[in-house]
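Down below is the structure, laid out as structure tokens.
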Amino acid sequence: MAASSRAQVLRLYRALLRESQRFSAYNYRTYAIRRIRDAFRENKNISDSEKIEELLNKAKANLEVIQRQV
């Protein structure tokens, strides 16, 4: 994975966790954090750049959803 791609993924991961912390309800907050961590762990060994780009776009869309809901 290229360094810029890795940095972009880490930045997105931190943004997702940070936004999930803003859920007021404990159950929603813990569920969101668990799902984010599990998804990133599950996909950590992917090396196909097209698949990485697809997953990044999906994560960005999920970040927008979380931001709207918080």
Sulfur and carbon atoms: percent of accessible area, the chain [1.4 Å]: 46
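Before rounding to the nearest 500, sum -39500 (n - 2.57) across all DSSP H runs of length at least 4 in the chain and divide by the residue total; then give [θ] at 222 nm in deg cm²/dmol.
Calculated from helices alone, the mean residue ellipticity at 222 nm is -27000 deg cm²/dmol.
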Probe 1.4 Å, protein heavy atoms only - accessible area per residue of the chain in square angstrom: 78
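What relative contact order, as a whole-number percentage, does the chain give when Cα pairs under 8 Å and 6 or more residues apart are counted? Working shown, then result.
Details: 30 pairs, mean separation 32.9, N = 70.
Relative contact order here is 47 percent.
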Rg/Rh for the chain, where both radii come from Cα atoms and Rh is the Kirkwood radius: 0.99
R68-R11 pseudo-label distance in nm [points 7 Å out on the Cα-to-Cβ vector]: 2.3
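The values are calculated or read from the model by the stated rules, or taken from the named source; none is laboratory data. Values in this document were obtained by computation on a predicted structure and should not be read as measured data. Backbone-built Cβ (ideal geometry, glycine too); neighbour counts: all protein chains shown. To get the accessible areas, we keep the full protein, side chains included, count just its heavy atoms, and leave off ligands, DNA and RNA. Shrake-Rupley method; radii C 1.70, N 1.55, O 1.52, S 1.80 Å.
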